[in-house]
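J.: Just passing along the structure, written as structure tokens.
The values are calculated or read from the model by the stated rules, or taken from the named source; none is laboratory data. Keep in mind the model is a prediction, meaning the values are calculated, not measured. With ideal geometry, Cβ positions are generated from the backbone for all residues, glycine too; neighbour counts draw on all protein chains shown. All accessible areas refer to the heavy atoms of the entire protein, side chains included, with ligands and DNA or RNA removed. Shrake-Rupley method; radii C 1.70, N 1.55, O 1.52, S 1.80 Å.
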Amino acid sequence: MEYRKIGKSGLRVSEIALGNWITHGAQVDDTTAKACVHAALDSGITTFDTADVYSETMAETVLGHSLKGIRRESIELCTKVFHPTGTGQNDKGLSRKHIMEACHASLRRLQTDYVDVYYAHRFDPTVSLEETFLALSDLVRQGKVLYVGVSEWTADQIKQGADLARELKVPFVASQPQYSMLWRIIEAEVIPACEQEGIGQVVWSPLAQGILSGKYAVDKPLPEGSRASTTAGSPFFERLAGQWLRKEVLQAVEQIRPIAQENGLTLPQLAVAWVLQNPQVSSAIIGASKPEQVKENVKAAGVRLEGEVMRQIDSILNGVVDRDPNKTG
Ligand code: NDP
């Protein structure tokens, strides 16, 4: 494993992190979840990503159990607030009330006294940014949150947040957007804005939810146990299928396979290595339904891809890459 600083902060993270959306507390049993977490730790991953909303709060609980006994200082534990965690009118969003209550609930479920990076999971247009950043600032002063991040905010929203963070002396250091060979919408606006503010990218779905593993094939049934087959009928599946389970995307991905092989990599490793070529990326958050996937994908750490390899990938994927910054969020 290699380690990078998030933006201009002093916080070091593993360049590959493990996240537990869809998996822990839902798709995989707790024993498998723990095995994935321990495969990550054994591979040098120190950074773990979750959110209060994942699996209706169960993902945090499972991660807390899986990390029991691990020295707290040896890992970076990151979670998020925004999406509803209950039916009450204040059980969502970025109001002071919900941020404070959500943070305390996350700390209980994760069995820890503090989180390393606390993300505003989406922008909340119904609450003033002052209220949100003042609440985050208080959590920082209380030592319950060490650093602050945002997820899927536009460049303008990030700039406004950064201005307030400066004023309130809040360590706003991370942006958590979706980024992969297929989804490059942050390149035009979010990355330049963050670079100017010293904010690093901790990117999600580097494998485009498994599409870039090459296991989904045109005209073949969905692989048994895969994310696409296990989420079938849910909104998660609609999003995955709508974005990428299309002939032209799957055929383009298949054409990348020889490039991976020529570079001594598997397709999943090439996909993770690709996002890590961007110096503004501090960490790539992978997901895994099996410990073997963690063991395979972490081998992307430290891989350097030549400019010619990046150009070959671009020319193959050109017609299926999304670059529209208006799709943020
Ligand atoms: P990936 O793009 O890495 O997809 C992970 C999935 O791909 C796995 O669960 C597995 O699914 C499949 N896979 C992984 N490795 C392999 C392999 N070697 N061979 C075959 N299949 C493989 O990331 P995720 O979409 O899971 O997102 C990662 C993390 O990012 C989340 O856990 C979460 O922490 C964060 N995230 C943040 C969001 C935000 O709004 N801030 C939104 C979404 C995610 P399977 O085996 O089931 O097919």
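J.: Given the residues A252, A241, A260, A273, which is the only one that is over 30 Å from L139 (Cα atoms), assigned to a helix (DSSP H, G or I), within 12 Å of the ligand (Cβ to nearest atom) and of a type in the set (G, A, S)?
T.: Exactly one residue qualifies, and that residue is A260.
J.: Looking at S14, S106, S74, which is the one that is surrounded by 22 or more Cβ atoms within 10 Å (Cβ to Cβ), more than 25 Å from P125 (Cα to Cα) and modelled with pLDDT of 95 or more?
T.: From the options S14, S106, S74, the qualifying one is S14.
J.: Among the residues of the stretch 214-238, write down those that are within 21 Å of the chain's Cα centre (by Cα), more than 10 Å from the ligand (Cβ to nearest atom) and under 18 Å from S289 (Cβ atoms).
T.: Selection gives S234, F237.
J.: If E152 satisfies all but one of (1) crowded, with 20+ Cβ neighbours inside 10 Å; (2) of a type in the set (D, E, K, R); (3) not in a loop (DSSP other than H, G, I, E, B), what's the number of the condition it fails?
T.: (3)
J.: Hey, another quick one. May I ask you to list the residues in the stretch 115-146 that are within 28 Å of I75 (Cβ to Cβ), open to solvent by 20 Å² or more (accessible area, probe 1.4 Å) and without any contact (Cβ under 8 Å) to a residue 60 or more places away in the chain?
T.: Across the stretch 115-146, the qualifying residues are D138, V140, R141, Q142, G143, K144.
J.: Within the stretch 36-55, can you find the residues that are in contact with a Gly (Cβ under 8 Å, 6 or more places away or on another chain) and more than 14 Å from E76 (Cβ to Cβ)?
T.: Y54, S55
J.: Answer yes if at least one residue in the stretch 92-103 is of a type in the set (K, R), in contact with a Gly (Cβ under 7 Å, 6 or more places away or on another chain) and within 16 Å of the ligand (Cβ to nearest atom), and no otherwise.
T.: no
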